[in-house]
Amino acid sequence: MRGILCASFVSFAAPAQACEVALMLAVDVSGSVDAREYRIQMDGLAAALLDRSVAAALINGQVKLALMQWTGSGRQAVVINWTEMISQAAVVDFADQVIMEPRLWRDYSTAIGEALALSLAYFAQVPECKRHVLDISGDGESNEGRLPRDIWENLAAAQITVNALVIEESVPGLTGYFEEEVIMGPGSFAVTANTFDDYPEQIVRKLFRELTKVVALVEMD
């Protein structure tokens with residue numbers, strides 16, 4: 001696997017600079033996500049990280065990545081803790097871990113607010129990063145636990161931005177809910193995947209937008 005992934009890379013030299021962004025990738029594993037759809041998310045996310053433009057942005061920004069799986073109340077876990085993207089090998093290693101990560105839960109509810117709340121303690125571990133971004137995917141409205149809005153005040157105090165990749169396969173128009181009730185923070189945005197099959201293409205676009213925004217902000221300073 002590693003040899004195949006490495007073959008698609010060009011070499012990037014990691015600049016000597018501070019972490020520009022801590023990016024937590026939160027993957028929906030609720031009961032509405034079947035085994036095939038889980039696989040599409042994990043394989044699509046790994047492939048997106050290995051996209052040439054995304055990988056370059058990760059390395060150039062000295063980005064720190066983490067991966068969360070989330071579903072119903074009490075069932076959220078960071079399965080890969082903060083990892084520095086300081087080299088091509090680091091990006092490949094993280095992508096490999098994403099592909100191999102087993103699913104923790106099946107057949108549970110959708111507790112988006114609880115996933116947002118869990119991120120707070122983890123972002124506190126990386127104060128050196130200039131921006132903190134939670135990138136959450138989901139295919140349904142929150143139906144258990146604290147509402148996402150209940151966490152907004154704490155997220156704002158910690159200067160965490162929440163973006164979303166919304167999968168509308170089962171709930172047409174779901175993006176509007178995420179725009180009104182989930183995403184928050186300066187420059188926050190939601191991207192729509194009409195089906196799970198659209199997820200791989202849309203996650204590439206979303207990651208590139210999140211990561212290259214850092215460059216734009218730096219140039220404006």
Among (1) over 13 Å from residue 28 (Cα atoms); (2) open to solvent by 30 Å² or more (accessible area, probe 1.4 Å), the one test that residue 107 misses | (1)
Of the residues 89, 48, 115, 77, which single one is part of a helix (DSSP H, G or I), aliphatic (A, V, I, L, M) and farther than 25 Å from residue 172 by Cα?
-> 89
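Residue-wise test of (1) open to solvent by less than 10 Å² (accessible area, probe 1.4 Å); (2) modelled with pLDDT of 95 or more; (3) not hydroxyl-bearing (Ser, Thr, Tyr).
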site: 6; (1), (2), (3): no, no, yes
site: 10; (1), (2), (3): no, no, yes
site: 13; (1), (2), (3): no, no, yes
site: 16; (1), (2), (3): no, no, yes
site: 35; (1), (2), (3): no, no, yes
site: 49; (1), (2), (3): yes, yes, yes
site: 58; (1), (2), (3): yes, yes, yes
site: 66; (1), (2), (3): yes, yes, yes
site: 70; (1), (2), (3): yes, no, yes
Conditions: (1) open to solvent by less than 30 Å² (accessible area, probe 1.4 Å); (2) at pLDDT 95 or above; (3) not in a strand (DSSP E or B). Residue 140 meets all but one. Number of the miss?
-> (2)
Selection count where residues are open to solvent by 40 Å² or more (accessible area, probe 1.4 Å), within 21 Å of residue 134 (Cβ to Cβ) and either in contact (Cβ under 8 Å) with a residue 60 or more places away in the chain or of a type in the set (Lys, Arg) (or both), scope the stretch 182-201 | 1
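With the condition kept exactly as written, say whether any residue in the stretch 138-146 is in contact (Cβ under 8 Å) with a residue 12 or more places away in the chain and either under 17 Å from residue 67 (Cα atoms) or under 14 Å from the mean Cα position of the chain (by Cα) (or both). Walk me through how you get there before you give the answer.
Let us first name the residues in the stretch 138-146 that are in contact (Cβ under 8 Å) with a residue 12 or more places away in the chain, namely 138-146.
Checking the rest, the ones that are also either under 17 Å from residue 67 (Cα atoms) or under 14 Å from the mean Cα position of the chain (by Cα) (or both) come to 138.
Yes, because at least one residue in the stretch 138-146 is in contact (Cβ under 8 Å) with a residue 12 or more places away in the chain and either under 17 Å from residue 67 (Cα atoms) or under 14 Å from the mean Cα position of the chain (by Cα) (or both).
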Residue in the stretch 207-221 that is more than 24 Å from residue 109 (Cα to Cα), surrounded by fewer than 19 Cβ atoms within 10 Å (Cβ to Cβ), modelled with pLDDT of 95 or more and not charged (D, E, K, R) present = no
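The values are calculated or read from the model by the stated rules, or taken from the named source; none is laboratory data. Small disclaimer: the values here were computed from a predicted structure and weren't measured. Please note: Cβ atoms are built from the backbone with ideal geometry, for glycine as well, and neighbour counts cover all protein chains shown. Areas reflect the complete protein model, heavy atoms only, side chains present, ligands, DNA and RNA absent. Shrake-Rupley method; radii C 1.70, N 1.55, O 1.52, S 1.80 Å.
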